[in-house]
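Asker: My structure is below; once you've seen it, I'll send some questions.
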Amino acid sequence: MLRKNLISLSALALACGVHAQAPNIVGYEYWFDQNHEARVTVQVTPAPVLDLSNAPLNTTGLALGQHVVHMRWQDLADGQSRWSSVVSRNFHVSQPGPWEITALRYWWSNDAEPALDSDMRYLVFQTPQSSIDHNGLMELCGFPTGQQTLKFQLRDNHGQWSAVVTRTVTIQPAGILGTPQVTASQQVYCPGDIVTLTATPPTGSGFAVPTSYEWTIPEGTGWEHVPSSTNTISVTIGTTSGIVQVASRNFCGTSSSALLSLTIPQVPDQPSEIVGPLTVCVGSALDYSIAQTVDITYAWSVDGMNWSGVGIGNIYDAQAGTEDATITVIPLNTCGVEGLAQTIDITVDPAPDAGSDGSLLTCSDGGVLDLSASLGGTPQVGGSWSGPSPVIGGEYDPSTMEPGIYTYTVTGNALCPDAVAGVTVSENVAPVVLPSTIPGTGLIGEILSFAIVPIDGAEYLWSLPDDWVTVDPTGALVEASVEGDWGEFQVCVAVTLEACTPATSCFDVTVAGTVGQNEISRPDSWLSVYPNPSAGLFHVVPSALWNGPIELSIYDALGQLVYGPRLSNDHQAYTVRMEEQPNGFYFVRVVGAWGVKGTEVILQR
């Protein structure tokens, strides 16, 4: 049976018989092999019969393999202790499962093992196997040819060999070991790279199958490898180039060595001189280049205020900045190792500056303006102006010149082109107030409309008598409810247009009494309502005679309140909306310090 530290006595099936005097078994002891001094004594509850079929025995310290366990029992009868005779059993100590096959060894010999170690062959499995089914060739170099009997053993993952198995085989003369071919997992080798190398032996008729490989790796600085006897090996590339060697082997011999040179790219040479302009203009687009070298890449850079650039291979496209600069190119090999840099110094000529485009708004009655003041940026002086009209002294005179785009030009040089900027001049026509609808007369309580001819882009500020109420101001048109006393009044309007002097006009209006739709009242009437009849909107105007707070209410023909009461501290006009009421007669009632006044209105649609 197999156990790691314990064995069970179930296989022993031992028990102690009962003596004539009915003894009681009080204990037992056991030991292994001939080590009686290390016996173990176990006390048990006294009983006439002791069943040890499931009692474990501690095998700690025993070597793997065959052993013998010895046992005897102690009884106690009449106060005297007696020991039974010794019982022995064979057992086997083994490692616990799982058990997997890690190697196969075989030999040709009439003996249990070969007389010479060289006659023993081994086949080691890199991955443990649960079963072996080998139908390929086996290494038998040095064995006698012809029909022979081979002996085989399997080793498990605990290092134990199986029993010997024999097979009759026919041994044929071995072929030759050809020189293997070596390949690498990559084609470029840089210091620190981990490369897998593979040796592939020649195959076919007349070639033997290798059983192992012998690798030789360079010993320079940085070279490292994981030892291997298989056809692959992992190598860390060192700081210098080196040659890897590999030969295939079996018990019949060793092949010639295959060589693979692992060459590290050299530090690149300094690039050729940079070709390109040495003096440039601010902002100009430039091309610089060097001679291209195979397997070399280049890192370009520029050091200068506001410079920019993009390097593609051996070409550098740059945008000139505002100050002198240095362009640098660094060569790099396939491993990223840099060589000596190449540089070129660039002188920047200042470009003419005409400033940036601007705009100018003026009026037809405006004064003379400086065009340069409307340019953006920092334009240089001394340039020339051109435009729709001749420019004198860089000024625009709306009385003699046409609006449009006026261009300012500063002459360049051999490197820098002319600089050009423009000012777009817009000109408003000075506003003129032209009456469109201007009533010369009106009545108290009437809504008057005043209108002038509108001007694009203009703003309007109307000025009305103090007591009048603006109803609908809409720019060039204003409507007002005439309130207060009658008399002579002025309605004024100021028209403002950007960049122009405002134009102001006033219109005289004569105001008489109040008005309804069908009647005219005296100026001292207590109350006026218009229009009357109405479709639902009435204007109720109390006279100034009230001279104090008043209360306005409206009742239907049945005397029911349908509007108000509404309070006021003055005699302002009331706008009453009654669209929701049915057609008919209604009574308007006003209560104040002078009593109660009223009038009838008609709602008619």
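The values are calculated or read from the model by the stated rules, or taken from the named source; none is laboratory data. Because the structure is predicted, anything quoted here is derived from the model rather than measured. Glycine gets a Cβ as well: all are built from the backbone with ideal geometry, and neighbour counts include every protein chain shown.
Asker: Regarding residue 320, is this residue out of contact with any Phe, Trp or Tyr (no Cβ under 6 Å at 6 or more places or on another chain) and within 19 Å of residue 280 (Cα to Cα)?
Answerer: Considered against the rule, which asks whether it is out of contact with any Phe, Trp or Tyr (no Cβ under 6 Å at 6 or more places or on another chain) and within 19 Å of residue 280 (Cα to Cα), residue 320 comes out as yes.
Asker: Return a yes/no flag: does region 105-117 have any residue that is farther than 17 Å from residue 153 by Cβ and surrounded by 17 or more Cβ atoms within 10 Å (Cβ to Cβ).
Answerer: No, region 105-117 contains no residue that is farther than 17 Å from residue 153 by Cβ and surrounded by 17 or more Cβ atoms within 10 Å (Cβ to Cβ).
Asker: Say whether the condition of being small (Gly, Ala, Ser), surrounded by 15 or more Cβ atoms within 10 Å (Cβ to Cβ), out of contact with any Asp or Glu (no Cβ under 8 Å at 6 or more places or on another chain) and touching a residue at least 60 places away in the same chain (Cβ under 8 Å) is met by at least one residue in region 373-381.
Answerer: Checked against the condition, which is being small (Gly, Ala, Ser), surrounded by 15 or more Cβ atoms within 10 Å (Cβ to Cβ), out of contact with any Asp or Glu (no Cβ under 8 Å at 6 or more places or on another chain) and touching a residue at least 60 places away in the same chain (Cβ under 8 Å), region 373-381 yields no hits at all.
Asker: Those residues that are in a loop (DSSP other than H, G, I, E, B) and under 17 Å from residue 192 (Cβ atoms), I need them from region 255-264; list them, please.
Answerer: Answer for region 255-264, where residues must be in a loop (DSSP other than H, G, I, E, B) and under 17 Å from residue 192 (Cβ atoms): 263, 264.
Asker: Right, another one. Quick check on residue 59: is it farther than 28 Å from residue 160 by Cα and of a type in the set (Val, Ile, Thr)?
Answerer: Answer is no for this residue.
Asker: Residues in region 151-168: is at least one of a type in the set (Ser, Thr, Tyr) and in contact (Cβ under 8 Å) with a residue 24 or more places away in the chain?
Answerer: no
Asker: Right, next: Could you give every pair whose Cβ atoms fall below 6 Å, whose first residue belongs to region 308-320 and is over 14 Å from residue 278 (Cα atoms) and assigned by TED's automatic domain parsing to the domain that holds residue 286, and whose second residue is assigned to a strand (DSSP E or B) and among the aliphatic types (A, V, I, L, M), counting only separations of at least 6 or pairs across chains?
Answerer: Qualifying pairs under 6 Å: 309/302; 309/318; 317/310.
Asker: Considering only region 217-241, state which residues are within 16 Å of residue 186 (Cβ to Cβ) and of a type outside the set (A, V, I, L, M, F, W, C).
Answerer: Residues satisfying the conditions are 225, 232, 234, 236, 238, 241.
Asker: Quick check on my filter: what residues within region 296-323 are surrounded by fewer than 17 Cβ atoms within 10 Å (Cβ to Cβ) and either more than 32 Å from the chain's Cα centre (by Cα) or of a type outside the set (Gly, Ala, Ser) (or both)?
Answerer: Listed by number, the residues that qualify are 297, 303, 305, 306, 310, 312, 315, 317, 319, 322, 323.
Asker: Right, something else. I'd like to check something: does region 74-94 contain any residue that is within 60 Å of the chain's Cα centre (by Cα) and surrounded by 15 or more Cβ atoms within 10 Å (Cβ to Cβ)?
Answerer: Within region 74-94, one or more residues are within 60 Å of the chain's Cα centre (by Cα) and surrounded by 15 or more Cβ atoms within 10 Å (Cβ to Cβ).
Asker: Got a sec? Which strands (runs of 3 or more DSSP E) wholly within region 135-200 have at least 3 residues that are outside the structural domain of residue 238 (by TED's automatic domain parsing), on the phi < 0 side of the Ramachandran plot and touching a Lys or Arg at 6+ places or on another chain (Cβ under 7 Å)?
Answerer: Result: 146-156.
Asker: Sticking with this structure for a sec: Being among the polar types (S, T, N, Q), farther than 28 Å from residue 176 by Cβ and in contact with a Leu (Cβ under 9 Å, 6 or more places away or on another chain) narrows it down to one residue among 234, 248; which is it?
Answerer: 234
Asker: Of everything in region 293-307 that's part of a loop (DSSP other than H, G, I, E, B) and touching a Ser or Thr at 6+ places or on another chain (Cβ under 8 Å), which residue is farthest from residue 276 (Cα to Cα)?
Answerer: Ranking the candidates gives 295 first.
Asker: Only one residue in 164, 195 is surrounded by 11 or more Cβ atoms within 10 Å (Cβ to Cβ), touching a strand residue (DSSP E or B) at 6+ places or on another chain (Cβ under 7 Å), among the hydrophobic types (A, V, I, L, M, F, W, C) and closer than 30 Å to residue 259 by Cα. Which one?
Answerer: 195
Asker: When region 358-387 is examined, which residues are found to be part of a loop (DSSP other than H, G, I, E, B) and closer than 22 Å to residue 500 by Cα?
Answerer: 364, 365, 366, 367, 368, 375
Asker: For region 350-408, what are the residues that are within 30 Å of residue 279 (Cα to Cα), β-branched (Val, Ile, Thr) and at pLDDT 95 or above?
Answerer: Within region 350-408, just 407 meets the criteria.
Asker: So, in region 32-66, exactly how many residues are surrounded by fewer than 17 Cβ atoms within 10 Å (Cβ to Cβ) and part of a strand (DSSP E or B)?
Answerer: 12
Asker: Could you run through region 510-543 and say how many residues are modelled with pLDDT under 75 and loosely packed, with under 15 Cβ neighbours inside 10 Å?
Answerer: Selection size over region 510-543: 6.
Conditions tested, residue by residue: (1) modelled with pLDDT of 95 or more; (2) at positive phi; (3) assigned to a loop (DSSP other than H, G, I, E, B).
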position	(1), (2), (3)
214	yes, no, no
220	no, no, yes
249	no, no, no
266	no, no, yes
270	yes, no, yes
283	no, yes, yes
291	yes, no, yes
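Asker: Being within 26 Å of residue 471 (Cβ to Cβ) and among the small types (Gly, Ala, Ser) is the filter; apply it to region 422-447 and report the residue that is surrounded by the fewest Cβ atoms within 10 Å (Cβ to Cβ).
Answerer: Per the stated criteria, the residue is 440.
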